[in-house]
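Report on one structure; see the data block that follows.
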Amino acid sequence: MSMTPLSSTRSTVKKGFLALGISFLSGCEFANAPQSFIAPEGQVARLQSDLFMLSVWLLSAILVVVTALLVYALWRYRDRGDDKMPYQNPGDVRFEVVWTVIPVLIIIFLAVPTVRATYHLASLPAGADPVEVKVTGYQYWWKFEYPDLGIVTANELHIPANRHVNFKLTSADVIHSFWVPRLAGKIDVNPGQKTGLWWVADRPGVYYGQCAEYCGTSHANMRMRVIVHTEDDFNAWVDSMVAARQPAVAAATDNAIQESDILAQGRRLFTEGACAACHTLHDAGATGNIGPDLNNFGQRQTLAAGVYPNTEENLRRWIKDPPEMKPGVLMPRSTFSDDEIEAVSKYLLSLK
Ligand code: CUA
């Protein structure tokens, strides 16, 4: 057997330290990343992150102590070339007690706050006045319903800051996992079963989420955004969403549309074409229930479950050939001409 030359061993060690350094640096970057769970922005995420960090610090301390003892023992009892057997003490009761009791104490130290947090998070705190949201996972997008407010939307969840949000979650097809790391830990959504989750977001902002359970070809493209508003802004958003369902607003849109032939054409194409079979859109009298609800679509920041910015260029590309932009998507390629696609895109983006 050939021995590894010492210089090559040294270079391997150097590379190892370099890799370690890079991982630490990327760790710093990770802490500020948009989906970093160690940068919590809500009390539930903070509680969970604190529990994680408690384990990290405690286990790091154990690593240091055990390594120091090991290094000491290796040095203290090294081979001195005298062939003498070191002192043997099998079955020493004092040692047996020490290394049984210490791990038990460590486990109790970790278990008490963990079990307490688990019970705390299992149900909404008494006296909370939550926004209720029903979440349904689909291949590959999220439906958000506000049963008390009569609102349905997709992929972009709007909530107020500093108020409990209470989720009931389920899936329409396969198992997905609902995860917005800076607001709370993940929870699976299962077909035919309801799970629950609550959180409170600290302050307004946009928080990124992601399906965290492999669910098919576009699992990695099953994203979401949580848009946290001030209470006033949230109420304004609710009003705009409720208004989008009122006939009065549809009439007002009628007037606007009479001024613009291309928007009227877009609406007619939406109603008469295949779109209405799958999508709900009050303004176009469409009540399909297979794809995302498109009321106030022009307000959305993104397309295709958070994968593309909601621009006219992307929307036209999307309507023409969705599978080209998102593999595995259930929405089929369109039979519209390019002019028709332009009209439908302009119409959808006009809905605000
Ligand atoms: Cu849905 Cu992964």
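The values are calculated or read from the model by the stated rules, or taken from the named source; none is laboratory data. These figures come from a predicted structure and were not determined experimentally. Cβ: placed from backbone, ideal geometry, glycine included. Neighbour counts: every protein chain shown.
Among all residue pairs at least 6 apart or on different chains, which show Cβ distances below 6 Å where the first residue, located in the range 207-236, is on the phi > 0 side of the Ramachandran plot and the second is more than 8 Å from the ligand (Cβ to nearest atom)?
Cβ pairs passing all conditions: Gly216/Gly328.
Here is a list of conditions, (1) part of a strand (DSSP E or B); (2) over 14 Å from the mean Cα position of the chain (by Cα); (3) within 16 Å of the ligand (Cβ to nearest atom), and Val135 meets all of them except one; can you say which number that is?
Just one mismatch for Val135, condition (2).
Under 6 Å between Cβ atoms, at least 6 apart or on separate chains: pull out the pairs that start in the range 170-185 with a residue that is within 16 Å of Gly209 (Cβ to Cβ) and touching a residue at least 40 places away in the same chain (Cβ under 8 Å) and end on any residue that is away from the ligand (no atom under 15 Å from the Cβ) and of a type in the set (Val, Ile, Thr).
Short answer, once both residue conditions are applied: Val180/Val226; Ala184/Val44.
So which strands (runs of 3 or more DSSP E) are wholly in the range 178-228 and hold at least 3 residues that are within 12 Å of the ligand (Cβ to nearest atom)?
Details: elements: 184-189, 195-200, 205-211.
It comes to 184-189, 205-211.
Can you say whether Trp142 is among the aromatic types (Phe, Trp, Tyr) and touching a Ser or Thr at 6+ places or on another chain (Cβ under 9 Å), as far as the supplied structure shows? So that I can check it myself, show each step before the final result.
Details: among the aromatic types (Phe, Trp, Tyr): yes; touching a Ser or Thr at 6+ places or on another chain (Cβ under 9 Å): yes.
So Trp142 fits the description; yes.
Of all the residues that make up the range 160-177, how many are within 15 Å of the chain's Cα centre (by Cα) and in a strand (DSSP E or B)? Write out each step before concluding.
Step one: of the range 160-177, the residues within 15 Å of the chain's Cα centre (by Cα) are 167, 169, 175-177.
Adding the requirement that they be in a strand (DSSP E or B) leaves 167, 169, 176-177.
Qualifying residue count, the range 160-177: 4.
Applying the selection to the range 287-306, what residues are surrounded by fewer than 20 Cβ atoms within 10 Å (Cβ to Cβ) and among the aliphatic types (A, V, I, L, M)?
The initial filter retains those residues of the range 287-306 that are surrounded by fewer than 20 Cβ atoms within 10 Å (Cβ to Cβ), namely 287-291, 298-299, 301-302.
Correct list: Ile290 only.
Pick from Ala128, Ala122, Ala172, Ala184: which is of a type in the set (A, V, I, L, M) and touching a His at 6+ places or on another chain (Cβ under 6 Å)? Working first, answer last.
Working: Ala122 fails: touching a His at 6+ places or on another chain (Cβ under 6 Å); Ala172 fails: touching a His at 6+ places or on another chain (Cβ under 6 Å); Ala184 fails: touching a His at 6+ places or on another chain (Cβ under 6 Å).
None of the others qualify; the one that does is Ala128.
Under 7 Å by Cβ, and 6 or more places apart or on different chains, what pairs join a residue from the range 339-352 that is acidic (Asp, Glu) with one that is part of a helix (DSSP H, G or I)?
Cβ pairs passing all conditions: Glu340/Leu269; Glu342/Arg316.
Would you pick out the residues in the range 257-279 that are surrounded by 20 or more Cβ atoms within 10 Å (Cβ to Cβ) and either under 33 Å from the mean Cα position of the chain (by Cα) or more than 12 Å from Tyr347 (Cβ to Cβ) (or both)?
Phe270, Cys275, His279
Scanning the range 168-177 for residues that are farther than 22 Å from Gln43 by Cα and buried (at least 18 other Cβ atoms within 10 Å of the Cβ), which turns out farthest from the ligand (Cβ to nearest atom)?
Going through the range 168-177, the residues farther than 22 Å from Gln43 by Cα turn out to be 170-176.
Cutting the leftovers down to buried (at least 18 other Cβ atoms within 10 Å of the Cβ) gives us 171, 176.
Numbers: Ser171: 8, His176: 3 Å.
Looking at residues that are farther than 22 Å from Gln43 by Cα and buried (at least 18 other Cβ atoms within 10 Å of the Cβ), I get Ser171.
Here are Val238, Val152, Val165: which of them is more than 16 Å from the ligand (Cβ to nearest atom), modelled with pLDDT of 95 or more and either closer than 23 Å to Gly288 by Cα or of a type in the set (Val, Ile, Thr) (or both)? Spell out the reasoning first.
On the way: Val238 fails: modelled with pLDDT of 95 or more; Val152 fails: modelled with pLDDT of 95 or more.
When all the criteria are applied, what remains is Val165.
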